[in-house]
1. Work out, in µm²/s and without decimals, the Stokes-Einstein translational diffusion coefficient of region 40-91 at 37 °C, 0.692 mPa s, Rh from Kirkwood over C-alpha pairs.
2. Using 7 Å Cα-to-Cβ label points, what is the Met1/Leu23 separation (nm, one decimal)?
3. May I ask you to give the percent of accessible area on the chain that is carbon plus sulfur, with a probe radius of 1.4 Å?
4. Considering the dipole of the chain built from charges on the beta carbon (Lys and Arg +1, Asp and Glu -1) around the Cα centre, which of Val55, Val44, Gly20 is farthest to its positive end?
5. Can I get the semi-axes of the chain's equivalent ellipsoid? Compute them from the C-alpha gyration tensor as square roots of 5 times the eigenvalues, in angstrom, largest first.
6. Report the charge-dipole magnitude of the chain in Debye, nearest 20, computed about the Cα centre from +1 at each Lys and Arg Cβ and -1 at each Asp and Glu Cβ.
7. What accessible area per residue comes out for the chain, rounded to a whole number of Å², with a 1.4 Å probe?
8. Within 10 Å, count the other beta carbons around each residue, average over each peptide in 75-88, 12-25, 37-50, and list them highest first.
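The values are calculated or read from the model by the stated rules, or taken from the named source; none is laboratory data. Small disclaimer: the values here were computed from a predicted structure and weren't measured. All Cβ positions, glycine included, derive from the backbone under ideal geometry; neighbour counts span all protein chains shown. Quick note on the areas: whole protein, heavy atoms, side chains included, nothing else; ligands and nucleic acids left out. Shrake-Rupley method; radii C 1.70, N 1.55, O 1.52, S 1.80 Å.
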Amino acid sequence: MGIDELQTFAGVVSTAIFAGSNLPMLIKAAKTRDLSSYSFTYLVASNVGNMVHWVYIAQLPTGPIWFLHLFYTVTMLLMLVWYLRFERREC
């Protein structure tokens, strides 16, 4: 296995680990609709940061980093939407 294959393999494995570590958070939020442990500012800042980071990601060749960042972007956007839908209603 050459260095390129090793780097791609490491990227795929780390992407699976990082994405998998976020799944329990998403499942819990979807089931309980309780996002009180998240702040609106955190969720907005995370989404803005993800959008800005896409400027960097876009210049990279397609690979595991694209899938990981896409997962983070979708996850944070979903959490913000759920927060606005479920937490703001209770205020």
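1. Stokes-Einstein gives a translational diffusion coefficient of 277 µm²/s.
2. The answer from the label model is 2.1 nm.
3. On the way: 4340 of 6250 Å².
Here carbon and sulfur together make up 69 percent of the probe-accessible area.
4. Val44
5. Result for the chain: semi-axes of 30, 15, 7 Å.
6. Working: 6 positive and 5 negative charges, 96 e Å.
Dipole of the chain, to the nearest 20 debye: 460 debye.
7. Details: 6250 Å² over 91 residues.
Per residue, the chain has an accessible area of 69 Å².
8. Working: 75-88: 15.8, 12-25: 12.5, 37-50: 14.0.
Peptide ranking by packing, descending: 75-88, 37-50, 12-25.
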